[in-house]
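Worksheet for the structure shown next.
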Amino acid sequence: MNIRHTIFLCLSLVLSLLHQLALAQRAAKLSFPYAKEGLTKEEAAVHLLSRFSYGYNAADVKETMEMGLEKWFAEQLAGSESDTTLARRLDAFKDVLKSNQELYSLYPKAFRVRRQAIEEGVWSKDSVGVAGNSALLAEYMASKGYKREKELIDQFVSAKVVRAVYSPNQLRELMTDFWFNHFNVSFSKGECTTFIPNYEAAVIRPNVFGQFLDLLTATAQSPAMLYYLDNATSVAATKNGRKGLNENYARELLELHTLGVDGGYTQQDVTEVARVLTGWTVKPMAEPNRKGNQKAKAGGRRENGDFLFKAATHDRGTKTVLGQHFSNQGYDEGLQLLALLSEQEATAQFISRKLAIRFVADTPSTVLVDKMAKRFLDTKGNIAEVLVTMVNAREFWDRDVQRTKVKTPFELAVSAARSLRGDINDPVKFNNWVSRMGEKKFYYIAPTGFPDYAAYWINSGSLLNRMNFGLNFANEKSTGVSIDLLAPLSFREPESMRDALKKYSNNMLPAVDTERLLERLEPLLTVDNLQARVGRKLNDAAADGSKGQRKNKGTQEELAQVLGLIIGSPEFQRR
Amino acid sequence: MVTRRAFLKSSGIGLFGVGLLGGIPSFLADVVAEHKRASLYSKRKVLVCIFQRGAMDGLMAVTPFDDKYLQAARPDLYVGPSLVQGKGASIDLDGRFSLHSSLSPLERLFREERLAIVHGIGSPNTTRSHFDAQDYMESGTPFEKNTTSGWLNRAVGLLGHEAITPFSAVSMTPSLPRSFYGQNNALAIQDLKNFKVQERASLRGTAKSFEELYEETSSSLLRETSKESFEAMKLLQSDVVKNYTPAKNVRYPVSNLGKSLKQVAQLIKLDVGLEVAFTESNGWDTHYNQGGPNGSFARNAEDLAQSIASFWEDMDGYQDEVVLMTMTEFGRTVHQNGTKGTDHGRASCNFILGNYVDGGKVYGDVPVLATENLEDGRDLPVTTDFRAVFAGVAHDHLQLQDADKLFPGYTGDRFALWKK
């Protein structure tokens with residue numbers, strides 16, 4: 001063993017010890033008062049998993065109970081569990097982890113490709129737009145090694161689905177989703193499309209449990225956000241009176257990202273914030289060594305990854321935001337501003353309420369929100385600490401908040417896959433169903449992000465599609481997931497159809513009164529003598545023995561129908 | 001949140017008209033009967049909106065044809081009533097403006113004075129980003145990004161009565177458009193026939209099982225919504241809906257827009273309570289080889305005009321209740337660009353069709369296209385705020401109460417387009 005190897009081993013040991021220590025410290029701070037609220041440990045485990053995972057089944061509940069609820073949560077907060085199965089599945093979508101510069105080069109916009117082809121003389125100007133142009137375009141792109149943007153979006157959505165279904169770090173995935181939606185950007189705005197994968201991977205995901213200010217700063221400096229809300233083009237007003245100021249980002253920064261709409265700022269504050277952030281833009285991707293950029297450097301530019309501060313376009317005058325003055329500090333003004341916003345009481349309240357709405361109830365108790373906001377202020381915006389305060393609070397375990405949240409379409413689909421240990425074979429198809437149920441992920445056009453309350457997700461059209469999703473999912477039709485219908489039955493023949501039904505619902509809806517559900521499902525069991533037929537077919541299937549032959553088609557169809565009813569049932573829509 | 005329990009209250013005529021009574025639950029039939037008389041005298045008004053995404057070249061659709069500056073700026077694109085002879089010549093509407101030949105199906109409606117055109121329409125916000133301009137036009141607040149609702153959703157809320165059916169606001173699109181975001185119930189449906197629980201022939205009873213499960217759930221939101229869903233589903237699954245054929249001799253184009261408008265017509269005739277319908281026409285972003293009498297613009301224009309004309313013909317007998325309006329996020333540059341197309345500009349034009357519309361006129365203010373008259377020296381200037389036109393249509397056709405709430409922050413006039 002060479003010395004380097006030894007050092008490495010020692011280091012890993014130390015790191016792992018440190019990790020264990022941190023985990024133990026965290027776990028020591030956790031004490032869930034569910035018993036005081038009259039919950040059994042099992043009920044508490046179900047509530048915990050319903051709030052902090054994308055879905056679960058009876059085995060997950062059992063495992064969590066054995067592990068200890070506090071320890072489970074501590075590990076989720078650490079979010080460091082590795083999983084080689086997940087890594088292997090993500091391998092097919094590895095472009096999403098590329099840098100913005102790489103993606104910009106690999107997935108050029110169609111208009112850039114056309115321009116390039118014309119410049120290179122491959123196409124004449126007249127050939128642009130003629131019939132067959134898409135074939136020409138494809139040919140030229142292939143010759144250059146370019147890929148189409150659609151492929152990048154498909155990879156991104158696929159990686160999202162795969163992570164949600166398989167990641168052992170469920171809370172990190174949920175929080176990534178939460179913060180992405182909070183700091184929403186959208187594929188519907190072409191200017192920021194290329195930069196969205198990196199936005200999620202490098203800006204959001206690493207910061208979901210850390211200091212709020214870090215997250216805020218990272219989003220403020222990301223190309224996706226700079227283009228989405230136009231700050232990239234906002235410059236100081238020029239002497240000839242032409243306005244260069246764009247207030248779009250400034251307004252959302254106050255209203256949606258920090259203080260909230262009633263956060264006590266004025267229109268004047270909005271304008272002043274926009275002035276402070278003039279010059280905050282994106283480093284040119286195409287020609288990094290262009291003359292103009294060299295000049296900008298001489299004028300005092302600052303770079304941070306893809307972010308560029310252009311001193312030449314920054315407003316040097318005095319600005320006042322929430323009574324605090326900013327004057328001629330260039331780049332640092334922006335950082336000071338973000339720090340100022342992140343430590344406001346209004347921000348603490350706004351963020352805490354939004355977290356409580358996401359993880360507890362559509363209308364969370366103000367007592368709970370106040371506790372969280374206080375923790376937010378005490379820790380200068382430490383997100384993990386705010387979550388700990390939330391889950392340690394009695395209000396979190398209140399019986400009245402359980403099963404009150406409605407699953408979003410994405411949550412419904414992923415929870416179905418997770419509870420049945422489905423095998424995702426076509427994540428794009430899977431996501432198409434999510435869109436059909438009303439959640440076109442990453443395409444929400446407004447900077448507010450998707451609303452987070454039940455009535456938004458439940459309407460006549462979407463509800464029928466939820467039922468249809470259940471039926472299609474169970475039949476392995478068009479949802480891109482394959483499942484083993486006999487697995488929840490422990491691969492054993494059920495005594496009857498009713499027995500099968502009971503096993504499914506106990507497995508997928510642990511701690512729900514399944515007797516009631518079964519009663520409601522009785523009508524189906526009498527349809528066309530289903531019970532007798534299924535019982536017979538299950539016996540045949542079980543007699544077949546080997547796992548490979550278990551997929552008896554008739555049995556599948558009828559079991560699937562029952563399973564589809566469970567997934568489409570009101571009980572399964574709730575979280 | 002508007003209460004949504006009162007399904008089919010006023011759709012009595014439609015139900016009786018198409019003989020659906022046997023197919024619906026008896027309590028519903030009672031409700032229908034009760035409201036039948038009232039409905040007879042208060043036919044529902046319907047507004048049908050088509051968003052032309054990508055920004056239509058208004059100067060090519062409706063051309064100020066004797067403008068020398070325009071002819072000079074567009075050597076490859078300009079088409080006038082006399083410059084291109086025979087097939088492809090544009091149609092002289094009023095001695096100043098001509099209609100692109102591909103829009104010829106609209107000519108008759110214009111001559112019959114039911115079709116009005118507003119030229120120079122656009123947004124006071126000067127953004128030339130598709131995304132922003134569409135967002136602003138659909139939210140109806142051109143300087144306010146985070147308006148959570150769309151203007152058509154607000155319009156539904158201002159109608160002065162509860163949402164009566166799930167079909168009050170329907171978008172024939174795969175997902176809800178920005179215009180329909182908001183507190184009031186709105187549906188996105190691509191295909192009426194697929195508005196159902198996908199039951200297998202061998203296992204009938206699934207829909208019934210779902211219905212019963214939801215009837216007894218403790219969540220009132222799930223319970224009430226599912227009730228609406230199943231009622232709507234039963235209606236749409238009737239043979240009358242499945243075997244729908246348009247009025248005789250009406251043939252819709254086999255395009256997304258044609259299919260959508262056909263289904264809108266179907267919903268209107270069924271009298272299921274439709275009040276605002278929305279659909280889209282795509283492909284107006286003509287940066288390259290826009291073409292003249294033929295080409296990419298012409299193909300889109302033809303689809304638009306034929307779809308609208310077919311719809312209107314299909315609406316025979318219902319036209320008094322219906323107004324159709326087009327919209328597009330902005331217009332295009334006066335000058336053609338280096339690839340025989342046009343880039344993002346400012347003002348465009350739109351079409352408003354209805355029996356009570358004071359049509360046969362090109363409204364608005366289009367100056368001579370000399371550089372000094374153009375916005376930023378390059379674009380047809382916006383002389384009419386889109387909100388003025390939208391608010392006028394909503395007020396005069398839908399007779400909105402509190403119409404001033406439709407466009408928060410807008411203090412301008414309403415455009416008057418209705419016959420006196």
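The values are calculated or read from the model by the stated rules, or taken from the named source; none is laboratory data. As the structure is a prediction and not an experimental result, all values here were calculated from the model. Counting neighbours? That spans all protein chains shown, and the Cβs are built from the backbone with ideal geometry, glycine included. Surface areas here come from the heavy atoms of the whole protein model, side chains and all, with no ligands, DNA or RNA. Shrake-Rupley method; radii C 1.70, N 1.55, O 1.52, S 1.80 Å.
Among B:Arg204, B:Arg108, B:Arg378, the largest mean-square fluctuation in a Gaussian network model of chain B (Cα springs under 10 Å) belongs to B:Arg204. The heavy atoms of A:Ser124 offer some 70 square angstrom of accessible surface to a 1.4 angstrom probe.
Looking at the range A:215-271, the pairs of alpha carbons with a distance over 20 Å make up 30% of the total.
For the protein assembly as shown, what does -39500 (n - 2.57) per DSSP helix run (n ≥ 4), summed and divided by total residues, give at 222 nm, in deg cm²/dmol to the nearest 500? Intermediate values should be presented prior to the final figure.
Details: 42 runs with 447 residues, N = 995.
Helix-only estimate at 222 nm: -13500 deg cm²/dmol.
Computed from backbone phi with θ = phi - 60° and the Karplus coefficients 6.51, -1.76 and 1.60, the 3J(HN,Hα) list for the range A:498-509 is 4, 5, 4, 4, 5, 5, 4, 5, 4, 6, 8, 10 Hz; x is used for glycine and proline.
Amide H to amide H distances under 5 Å link B:Gly364 with B:His119, where only residues 5 or more positions off or on other chains count and H is placed in the peptide plane. Taking every alpha-carbon pair within the range A:406-471, the share separated by more than 16 Å comes to 47 percent. Quick one: which of A:Lys477/A:Lys502; A:Lys94/A:Lys283; B:Lys45/B:Lys193; A:Lys147/B:Lys259; A:Lys319/B:Lys145 span more than 26 angstrom between C-alpha atoms? In this structure, A:Lys147/B:Lys259 lie more than 26 Å apart at Cα. Dipole magnitude for chain A: about 1280 debye, using +1 per Lys or Arg Cβ and -1 per Asp or Glu Cβ, origin at the Cα centre. Averaged per residue, what accessible surface does chain B expose to a 1.4 Å probe, in Å²? Spelled out: the 1.4 Å probe surface of chain B, per residue, equals 37 Å². Rounded to the nearest 20, the Cβ-based charge dipole of the range B:290-420 about its Cα centre (Lys and Arg +1, Asp and Glu -1) stands at 300 debye. Just so you know, the Cα atoms of the range B:197-258 work out to an Rg and Dmax of 16.6, 51 Å. Ordering A:Asn506, B:Pro64, A:Val161 by Cα displacement along the dipole of the protein assembly as shown toward the positive end leaves A:Val161 in first place; charges were set at the Cβ atoms of Lys, Arg (+1) and Asp, Glu (-1). Ordering A:Phe359, A:Met372, A:Gly330 by the projection of their Cα atoms onto the charge dipole of the range A:321-418, which places +1 on the Cβ of Lys and Arg and -1 on the Cβ of Asp and Glu, puts A:Phe359 at the extreme positive end.
Name the long-range amide H neighbours of B:Thr328: under 5 Å, sequence gap of 5 or more, or other chain; modelled H, no Pro or chain starts. Residues meeting the criterion, in which the H sits 1.01 Å from N, are B:Gln52. The alpha-carbon of A:Lys150 sits under 19 angstrom from the alpha-carbons of these aspartates and glutamates, leaving out residues fewer than 8 places away in its chain: A:Asp91, A:Asp95, A:Glu102, A:Glu139, A:Glu191, A:Glu200, A:Asp426, A:Glu439, B:Asp285.
Dividing the Cα convex hull volume of chain B by residue count, how many Å³ per residue is that?
148
Take every DSSP beta bridge whose two residues both sit in chain B; close to 45 percent of them are antiparallel. Pairs spanning more than 21 Å between alpha-carbon atoms, out of A:Lys36/A:Lys371; A:Lys98/A:Lys160; A:Lys71/A:Lys380: A:Lys71/A:Lys380. Computed from the C-beta positions of A:Ser124 and B:Asn373, the FRET efficiency with R₀ = 45 Å rounds to 0.85. Projecting the Cα atoms of B:Asn249, B:Gln237, B:Ser209 onto the charge dipole of the range B:152-251 (Cβ charges, centred on the Cα centre) puts B:Asn249 farthest toward the positive pole. Shown in residue order for the range A:165-180 are the 3J(HN,Hα) couplings computed by the Karplus curve 6.51 cos²θ - 1.76 cosθ + 1.60 at θ = phi - 60°: 6, 10, 5, x, 8, 5, 5, 4, 5, 5, 5, 4, 5, 4, 6, 4 Hz (x for Gly and Pro). Note on the range A:39-90: with charges restricted to the Cβ of Lys and Arg (+1) and Asp and Glu (-1), its dipole about the Cα centre is near 180 debye. Stokes-Einstein diffusion for the range A:153-219, with the hydrodynamic radius set to the Kirkwood value over Cα pairs and evaluated at 20 °C in a medium of 1.002 mPa s, equals 173 µm²/s. Here the relative contact order of the range B:182-288, from alpha carbon pairs under 8 Å that lie six or more residues apart, stands at 21 percent. Amide H contacts for B:Val48 (H built 1.01 Å from N in the peptide plane; partners 5 or more residues away or on another chain; cut-off under 5 Å): B:Ala277, B:Val323, B:Leu324, B:Met325. Shape summary: the range B:118-188 maps onto an equivalent ellipsoid whose semi-axes, from the alpha-carbon gyration tensor, are 24, 13, 11 Å in decreasing order. Report D for the range B:85-150 in µm² per second (integer): Stokes-Einstein, Kirkwood Rh on Cα pairs, 10 °C, 1.306 mPa s. Here the translational diffusion coefficient equals 108 µm²/s. Take the Cα of A:Gln329, step 7 Å toward its Cβ, do the same at A:Gln267, and the gap between the two points is 2.8 nm. Listed cross-link partners A:Lys109/A:Lys144; A:Lys429/B:Lys234; A:Lys429/B:Lys227 are compared with a 21 Å cut-off, the Cα-Cα value being larger for A:Lys429/B:Lys234; A:Lys429/B:Lys227. Across the range A:423-529, the convex hull enclosing all Cα atoms gives 147 Å³ per residue. When the convex hull of its Cα atoms is viewed from all sides, the range A:321-428 shows a mean projected area of 10.7 nm².
Relative to the compact-globule estimate of 2.2 N^0.38 Å, the Cα radius of gyration of the protein assembly as shown comes out at 1.00. All C-alpha pair distances within chain A, sorted into 10 Å bins from zero, spread as 3, 15, 23, 24, 18, 11, 5, 1, 0 percent across the bins. For the range A:318-333, putting each phi into the Karplus relation 6.51 cos²θ - 1.76 cosθ + 1.60 with θ = phi - 60° gives couplings of 8, 10, 10, 10, 6, x, 9, 8, 10, 8, 6, 9, x, 4, 4, 4 Hz, in residue order, rounded to whole numbers and with x for Gly and Pro.
In the range A:191-289, what is the volume of the convex hull around the alpha carbon atoms, normalised per residue and reported in Å³?
Given the Cα convex hull of the range A:191-289, per-residue volume reads 120 Å³.
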